[in-house]
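Taking it in order: structure first as structure tokens, then the write-up.
Values quoted throughout were computed directly from the atomic coordinates according to the rules given, and no laboratory measurement underlies them. Only a predicted model underlies this, so the values are computations on that prediction, with no experimental measurement involved. Heads up, the Cβs are rebuilt from the backbone with ideal geometry, glycines too, and the neighbour counts pull from every protein chain shown.
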Amino acid sequence: MNILVTGANGQLGNEMRVLSKEHPKHRYWFTDVVESEGVQVLDICDKAAVSAFVAQHAIDLIVNCAAYTNVDKAEEDEATALKINAEALSVLGGQGVKVIHVSTDYVFSGDEHVPCRETDPVAPRTAYGRTKYEGEKRLLAECPEAVILRTAWLYSEYGNNFVKTMIRLGKEKESLGVVFDQIGTPTYAADLAWAIFTVIENPVWHAGIYHFTNEGVCSWYDFTVAIHELAGIKNCQVRPILSEEYQYKTPRPHYSVLDKSKFKKTFGVEIPYWMDGLRRCVKLLLKEK
Ligand SMILES: NC(=O)c1ccc[n+]([C@@H]2O[C@H](COP(=O)([O-])OP(=O)(O)OC[C@H]3O[C@@H](n4cnc5c(N)ncnc54)[C@H](OP(=O)(O)O)[C@@H]3O)[C@@H](O)[C@H]2O)c1
């Protein structure tokens, strides 16, 4: 297959580039808004450019890793978030090729106390969540055969993310307050890239919406304690605090655990535990030093 990966400079896009080496039977084009080594420029909002690219390279499948992911900035500039997270999905979905797209736990309210299924009603509470949900709808309207993977709490070796921030703060500070009343599942972007290749390599194309995160649950506090332990950080005391003590610009879901039963059953796979993913990521981060 000829595969176009958008947003290739981001966390997931980078992990797709790494994992693509284990799937050499396909041809890949990695693109983003900014050029980098092995990455060509392609703005997913530019309909003419996307259509020309797809035609020129006879693309069979688009894996969309591009997104407007800054939750706070989306609140201030919903129009731009809507362009990238929703309007561009009509462009990608309208190319007449298969699409794998990534969405978010933020489509849900976060008020539930049981893991959310794909069929549960959505109720986004933020501009980011609203634009991502709109993107799901616009993609499915153009391309009912698309696969959408909703994920959460993504981290990786690449870009800025919670794991890298907590390692840095753990080295700089003697004490750190981290919220313990928001529950979710940290997800290693390398494992999400593996899930995407699971969909690609499956002999049968199973269109639809799926939930995919690592296994298990924790709070941001537990996540931080685990990060520090694995990174060998001993001189920073991590304190559990309530969300109301932390000045969030944008409300965060209290419970955003996704039920992954559909993905596991459809593709016949087991998913790594979050701590296992974290161990692999921290090991790579420490090696880079
Ligand atoms: N991060 C999380 O915790 C999380 C949680 C749930 C779901 N997700 C979803 O998972 C997916 C991957 O997230 P991620 O963390 O890998 O995102 P990321 O690191 O922010 O990467 C997104 C990439 O897309 C690029 N991009 C932005 N606008 C573009 C455009 N118009 N055309 C082409 N590329 C564009 C970005 O470039 P710039 O940086 O230059 O803008 C960036 O390189 C996204 O769909 C996201 O919504 C993420």
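Quick notes on this one:
- Proportion of all alpha-carbon pairs of the range 181-248 beyond 21 Å (%): 47 percent
- For the range 16-57, diffusion coefficient by Stokes-Einstein and Kirkwood Rh (Cα), 25 °C, 0.890 mPa s, µm²/s: 215 µm²/s
- Cross-link pairs beyond the 24 Å C-alpha cut-off, checked among Lys132/Lys262; Lys234/Lys283; Lys21/Lys265; Lys137/Lys260; Lys25/Lys132: Lys21/Lys265; Lys25/Lys132
- Overall dimensions of the range 81-224, expressed as equivalent-ellipsoid semi-axes from the Cα gyration tensor (√(5λ), whole Å, largest first), are 29, 17, 15.
- Within a Gaussian network of the chain (alpha carbon springs, distance under 10 Å), most fluctuating of Val204, Val39, Val257: Val204
- Helical content alone sets the calculated 222 nm signal of the chain at -11500 deg cm²/dmol, taking -39,500 (n - 2.57) per DSSP H segment of four or more residues and averaging over every residue.
- Degrees between helix 162-172 axis and first principal axis of the chain (Cα, 0 to 90, nearest 10): 30 degrees
- Rounded to 10°, Cα long-axis angle of helix 220-231 versus longest principal axis of the chain: 90 degrees
- Listed by chain and number, the aspartates and glutamates whose alpha-carbon sits under 15 Å from that of Lys287, ignoring those within fewer than 8 places in the same chain, are Glu157.
- Based on Cα atoms of the range 1-131, Rg over Rh with Rh as the Kirkwood radius reads 1.00.
- The mean sequence distance of close C-alpha pairs (under 8 Å, at least 6 residues apart), as a share of the length of the chain, puts its relative contact order at 19 percent.
- Exposure rule at most 11 other beta-carbon atoms within 10 Å, DSSP loop GluC sites (Glu not before Pro): the chain longest free segment: 38-173
- With Cα atoms, 0 to 90° folded angle of helix 274-288 axis to the chain main axis: 90 degrees
- Once the convex hull of all Cα atoms in the chain is built, its volume per residue stands at 127 Å³.
- 22 Å tail of the calculated P(r), the range 172-289, as % of Cα pairs: 46 percent
- DSSP-assigned coil residues among trypsin sites (Lys or Arg not before Pro) in the range 98-135, each with at most 15 further Cβ atoms within 10 Å: Arg117
- Using C-alpha pairs under 8 Å with a sequence gap of at least 6, the mean separation divided by the residue count of the range 104-239 gives a relative contact order of 29 percent.
- Debye equation applied to the C-alpha atoms of the range 133-216, log10 I(q)/I(0) at 0.10, 0.19, 0.20, 0.24 Å⁻¹: -0.38, -0.97, -1.03, -1.23
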